[in-house]
Amino acid sequence: MAKNSVDAYGASGKTNLLFFDPERLVLVTDVTSPLYDPRVDLPVNEDLARNIDFQGVLQPISVVKNTETGETEVAVGRQRTKAARLANEWRRARGEQPIQIPAQVYRGDRRTALTAIIGENELREADTPLGRAEKMRRVMALGYSEAEIGTIFGCSTSTVHATLALLDCCAEVRRAVESSRINVTHARRLSKLSPEQQGEKVRELIAAGEHVVGHARARAQRAVIGEAKPKLRNRKEIMHELSSSSGERAQALRWVLGLNATDEECP
């Protein structure tokens, strides 16, 4: 006789898991509601939507029944719900079956639901760059492409490539990335050098950024790594470039500045 799931897994108990069409779930926008979270107004995370389109919603959300309206409201999982809606738009356009969202009933007091929202979003610990690189390597070993890995991790293919390059770096470079003294892009550049050269260059990078922060640190380390000058950022720089440009380049710069072809190009 087959065992039930509690016996089969040695669990202490079980609860019912519900499945919903994400369009039928209500995202609370009333600021006076205990279920309101300002992040409900954030743009849809398209990286998350691509991940959901690829492998579904893996972590159940939490829902609560509004006894006054009879609607099912999302207590925890707003971004997953919004992303699932977008993923289903893509799936319907391709003629594929829409995804349903797994959900558990929030058992706490509706009046204190905010504490659950905070706990869900604020107590997570982000993975380290090296930890992400190791996981990407293991997924790639299963036969996934860099593009598919990017979908799984919610990043671009170039980010996957840069992160994987960290595994080709010496221990000194890895430690510098883990401690945020250099970034993953620097590590990717260093991965092309010999271990001895990596060690020398990473020490230069650390020294260059030791007593500066923000843009000053980025500029100092960029000089060490030999990166090209960053793209034009302010109006003065763009105007200077426009003064010596013509054709499509000049047209593009005018567009950035919000100028028409007949406008005076004055600072």
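The values are calculated or read from the model by the stated rules, or taken from the named source; none is laboratory data. Just so it is clear, the structure is predicted and the values come from calculations on it, not from any experiment. Neighbour counts are summed over all protein chains in view; Cβ atoms, including those assigned to glycine, are modelled from backbone coordinates with ideal geometry.
This table checks each residue for (1) farther than 18 Å from Thr151 by Cα; (2) under 18 Å from the mean Cα position of the chain (by Cα).
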site	(1), (2)
Pro38	yes, no
Asn45	no, yes
Ala49	no, yes
Val63	yes, no
Gly70	yes, no
Ala75	yes, no
Asn88	no, no
Ala93	yes, no
Gln104	yes, no
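Only one of (1) outside any helix (DSSP H, G or I); (2) in contact with a Gly (Cβ under 6 Å, 6 or more places away or on another chain) fails for Ile182. Which number is that?
Looking at each condition in turn, Ile182 falls short on (2).
Name the residue, out of Leu48, Leu27, that is touching a helix residue (DSSP H, G or I) at 6+ places or on another chain (Cβ under 6 Å), more than 26 Å from Val139 (Cα to Cα), surrounded by 13 or more Cβ atoms within 10 Å (Cβ to Cβ) and not assigned by TED's automatic domain parsing to the domain that holds Thr151. Can you show your working first?
Details: Leu48 fails: more than 26 Å from Val139 (Cα to Cα).
After applying the criteria, what remains is Leu27.
Taking the stated definitions as given, is Arg80 in contact (Cβ under 8 Å) with a residue 24 or more places away in the chain, surrounded by fewer than 17 Cβ atoms within 10 Å (Cβ to Cβ) and assigned to a helix (DSSP H, G or I)?
The answer is no for Arg80.
So which of Ala141, Ala162 is small (Gly, Ala, Ser) and in contact with a Lys or Arg (Cβ under 6 Å, 6 or more places away or on another chain)?
Ala162
Within the stretch 101-126, restricting attention to residues that are part of a loop (DSSP other than H, G, I, E, B) and surrounded by 12 or more Cβ atoms within 10 Å (Cβ to Cβ), which residue is modelled with the lowest pLDDT?
Gly108
Can you report the number of residues in the stretch 23-46 which are assigned to a helix (DSSP H, G or I) and touching a residue at least 24 places away in the same chain (Cβ under 8 Å)?
5
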